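Reviewing the structure listed below.
The values are calculated or read from the model by the stated rules, or taken from the named source; none is laboratory data. Note that this is a predicted model, so its numbers are computed, not measured. No Cβ is skipped: glycine too gets one built from the backbone with ideal geometry, and neighbour counts run over all protein chains shown. The accessibility values were calculated without ligands, DNA or RNA, using every heavy atom of the protein model including side chains. Shrake-Rupley method; radii C 1.70, N 1.55, O 1.52, S 1.80 Å.
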Amino acid sequence: MNRTILALIVMIGLTSGCESMQMHMPGGSNRGVYSVKSFGAKGDGQNIDSRAINAAIDHVAANGGGTVYFPPGSYLSYSIRLKSKVALYLEQGATILAAQSPTDERLDMYDPPEANPWDKYQDFGHTHWHNSLIWGENLTDISILGPGMIDGKGLSRGQRPTTQPASRPAELTSAAPTWPDPLPAPAADTNNPNDPNNPTLSYPNARDSLPTGIGNKAIALKLCRNVIIRDVTIFRGGHFAILATGVDNFTLDGVKIDTNRDGVDLDCCQNVRMSNCTVNSPSDDGICPKSSFALGYNRATENVTITNCQVSGYDMGTLLDGTYKRSFQKTLSSGPTGRIKFGTESNGGFKNITINNCVFSYCRGLALETVDGANLEDVTISNITMRDVWSSAFFIRLGARARGPNEPPPGTLKRVHIDNVVVYNSAPLYSSIISGIPGADIEDLRLSNIRIVYQGGGPRELATSQPAERIREYPEPRMFGMIPAYGFYIRHVKGLEMANITLSYMNRDFRPAFILEDVKDAEFENIKAQHETDVPTFVLKNVENFTARQVEGVADVKKDRVESEQLHERR
């Protein structure tokens, strides 16, 4: 439905004093536009309006479809159940406000989480959809349209603390960093099943659940088709602002999200077009293609475009109010999250995905992860800028966590092209990391036209450290500790091209720019990498078929086999 036409329809209806309207729509079809106030909604922020909203949805669906209209007001609600061929339209000044869960079970509450026999393969949030503010299952032709707001004030964000920790001086600056000696291992939170360092991490887990009646997602969709979410704003969306699982022909456009955990999870979705969206999520990931086992079978996320989007980790709420505050740190070593990440759930795979024209600000970098047996392949990422990056600018990981039926073998990660990226002020603890595992190489990877300015400051003794493999662990850059290369640490890769790469740092760093370990068929061309005197540009360990051309300060070289060698500046 054309946005301008819809706005005119709504305005005509309002000026005529009608609360329900029948309008002649383009194409010769008749569709109803019904105000929720016609069905008893108060919109006063005090009375529960979800029964009236659901009555409006039922009426529109029973009459062949149409639009449920929310005039300005605050609509305090529990679960809103979408139906096929129904659009929700939130006028400017209209807010759907998630109600607090009552203590009296006789009162209205959120719908209970439905049973899911596959709950042991992903967390509680990914496993259920009905316990949400707005949800739909097995639907076609549905829309949620703006410019109003969905406020998840009464939603739970899961088992993690509901308030942000006390702030530390969090501004990521170019001042010489203070390096721990050594970096302490991340402490596990044994009360938090979502903490990747929790040794008791498994599902189902008694701590990873919520009582019946509590909602934990702003919008949850399962096995739906032909879906549009456009122009709405979502504030504090709970565990997920938008969880879409098995949703096909899905359009997200012009959506603003300022939330307390994940922004948008595209789980097992196909034919997705996400554009012009802004996602601020300091304490979890921003935009996440995933492929969990929540549907009970492997289903790839494929044919996806993500374009003209922004992700960030500012304090929650300060994106929407325009102050962009930076007091929040998740941990001292990893900072706010807020990034674009493939995974962690990775059972069904990722195929034919493109990301372009996106901005990262005050958050972690780009992460491509497949650790549960899936194939991640045919991905292009281009025209990206990142500033004030708290973790690896690029984290590309093929692992073997194997969370799925019968512990699947490692998948594949291949045919990925990353081009035209600028990164400024990348935190010093982690370089960019590209790592498969022994016996499972990342394949056919190309990075080109990339410039990264690191904070630097790495001590000389760190250059000889050896990161552990961490084959089965939750994938995150800090799993390897501090990295012996300041630029790129590359391990277990076959078929690597890096061209037109410029690396520099703002504080003296005594680590090499590149470390390659167990790498085959690597080609480097037109490389400029700042380095200190007597610090090599490349460290090669167990490398086959290595070529370097036009590397500043290093003679062109082609080596068939290298057990251990350093490539220094010519003198």
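See the values below:
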read-out: Hey, residue 531 of a type outside the set (Asp, Glu), in a loop (DSSP other than H, G, I, E, B) and surrounded by 16 or more Cβ atoms within 10 Å (Cβ to Cβ) or not; value: yes
read-out: Scan of segment 470-499 for residues that are surrounded by fewer than 20 Cβ atoms within 10 Å (Cβ to Cβ) and touching a helix residue (DSSP H, G or I) at 6+ places or on another chain (Cβ under 9 Å), ordered by number; value: 470, 473
read-out: Hey, residue 197 at pLDDT below 95 and either buried (at least 24 other Cβ atoms within 10 Å of the Cβ) or over 30 Å from residue 459 (Cβ atoms) (or both) or not; value: no
read-out: Single match in 52, 41, 62 (criterion: at pLDDT 90 or above, open to solvent by 50 Å² or more (accessible area, probe 1.4 Å) and among the hydrophobic types (A, V, I, L, M, F, W, C)); value: 62
read-out: Looking only at segment 131-159, and only at residues there that are more than 18 Å from residue 257 (Cβ to Cβ) and crowded, with 19+ Cβ neighbours inside 10 Å, the one that is modelled with the lowest pLDDT; value: 159
read-out: Any chance residue 419 is within 19 Å of residue 527 (Cα to Cα), surrounded by fewer than 24 Cβ atoms within 10 Å (Cβ to Cβ), of a type in the set (Asp, Glu) and touching a residue at least 12 places away in the same chain (Cβ under 8 Å); value: yes
read-out: Verdict on residue 386 being under 18 Å from the mean Cα position of the chain (by Cα), over 25 Å from residue 292 (Cα atoms) and surrounded by 24 or more Cβ atoms within 10 Å (Cβ to Cβ); value: yes
read-out: Filtered residues of segment 556-571 (kept if closer than 24 Å to residue 449 by Cβ and either at pLDDT below 95 or in a strand (DSSP E or B) (or both)); value: 557, 558, 567, 569
read-out: Residue among 502, 547, 537 that alone is crowded, with 18+ Cβ neighbours inside 10 Å, touching a residue at least 24 places away in the same chain (Cβ under 8 Å) and polar (S, T, N, Q); value: 537
read-out: Test for residue 369: is it in a strand (DSSP E or B), of a type in the set (Asp, Glu) and open to solvent by less than 10 Å² (accessible area, probe 1.4 Å); value: yes
read-out: From the options 283, 327, residue that is farther than 24 Å from residue 379 by Cα and surrounded by fewer than 17 Cβ atoms within 10 Å (Cβ to Cβ); value: 327
read-out: Which listed residue is without any contact (Cβ under 8 Å) to a residue 60 or more places away in the chain, in a loop (DSSP other than H, G, I, E, B) and not acidic (Asp, Glu), from 52, 41, 56, 61; value: 41
read-out: Residues that are in a strand (DSSP E or B), over 25 Å from residue 100 (Cβ atoms) and polar (S, T, N, Q), drawn from segment 234-283; value: 245, 249, 251, 270, 271, 275, 278
read-out: Unmet criterion (only one of (1) within 21 Å of the chain's Cα centre (by Cα); (2) more than 22 Å from residue 381 (Cβ to Cβ); (3) assigned to a strand (DSSP E or B)) for residue 478; value: (3)
read-out: Condition met for residue 108 (of a type in the set (Asp, Glu), open to solvent by 20 Å² or more (accessible area, probe 1.4 Å) and part of a loop (DSSP other than H, G, I, E, B)); value: yes
read-out: Which numbered condition residue 341 fails, given (1) part of a strand (DSSP E or B); (2) in contact with a Ser or Thr (Cβ under 7 Å, 6 or more places away or on another chain); (3) crowded, with 21+ Cβ neighbours inside 10 Å; value: (2)
read-out: Single residue of 168, 236, 225, 230 found to be at pLDDT below 95 and charged (D, E, K, R); value: 168
read-out: Residue list for segment 240-260, restricted to those being open to solvent by 10 Å² or more (accessible area, probe 1.4 Å) and either touching a residue at least 60 places away in the same chain (Cβ under 8 Å) or of a type in the set (A, V, I, L, M, F, W, C) (or both); value: 254, 256, 260
read-out: Verdict on residue 292 being surrounded by 24 or more Cβ atoms within 10 Å (Cβ to Cβ), closer than 15 Å to residue 256 by Cα and touching a residue at least 24 places away in the same chain (Cβ under 8 Å); value: no
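For every residue, the table says whether it meets (1) at pLDDT 95 or above; (2) of a type in the set (Lys, Arg); (3) assigned to a loop (DSSP other than H, G, I, E, B).
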position	(1), (2), (3)
290	yes, yes, no
296	yes, no, yes
306	yes, no, no
317	yes, no, yes
329	no, no, yes
333	no, no, yes
336	no, no, yes
352	yes, no, no
355	yes, no, no
